[in-house]
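Just so you know, all these numbers are worked out from the coordinates, no wet-lab data involved. Fair warning: this is a prediction, and the values are worked out from it, not measured in the lab. In this analysis, Cβ positions are derived from the backbone assuming ideal geometry, glycine residues included, and neighbour counts consider all displayed protein chains.
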Amino acid sequence: MHEISVLKQAVDIAEETATENNIQRIAYLTLEVGELSGYLPVFFEKYYPLVTENRPMFEGSELRMVMVPGEALCKECSAMYNVMRNEGRCPKCGSRSKKILGGTEFRIRDIGLG
């Protein structure tokens, strides 16, 4: 389970950024999580209270997530499609040969000030 370690890193970065900018409280942290990133958002939600525990600037804060679809371009027929919904196969020609266009990202999108 890698979610807890990357979540901790994201919270550390948010806290460091807030401290550098003399911000006392973070109201929310928004993460972009790609469908193809390998991370399960349910674990971020589960562990956010634990990771932010004993960090006063996060008291009462909220974790928000924006899911980024796993999109691909078929190398055989040039169709664009959602990899997860189509189980990795192009819905037009059935090929598994693809170029991933998005959905592998994991990043901090927004730090809300409170």
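Annotation for region 1-29 versus region 51-97: alpha-carbon center distance of 23 Å. Basic side chains Lys and Arg get +1 at the Cβ, acidic Asp and Glu get -1 at the Cβ, and with that the dipole of the chain about its Cα centre reaches some 700 debye. Rounded to the nearest angstrom and listed largest first, the equivalent-ellipsoid semi-axes of the chain from its Cα gyration tensor are 36, 13, 10.
What is the sum of charges around Glu35, taking Lys and Arg as +1, Asp and Glu as -1, for the other residues whose C-beta is under 13 Å from the C-beta of Glu35? Present the calculation step by step, with values, prior to reporting the outcome.
On the way: positive: Arg85; negative: Glu32, Glu71, Glu87, Glu105.
Around Glu35, the charge tally is -3.
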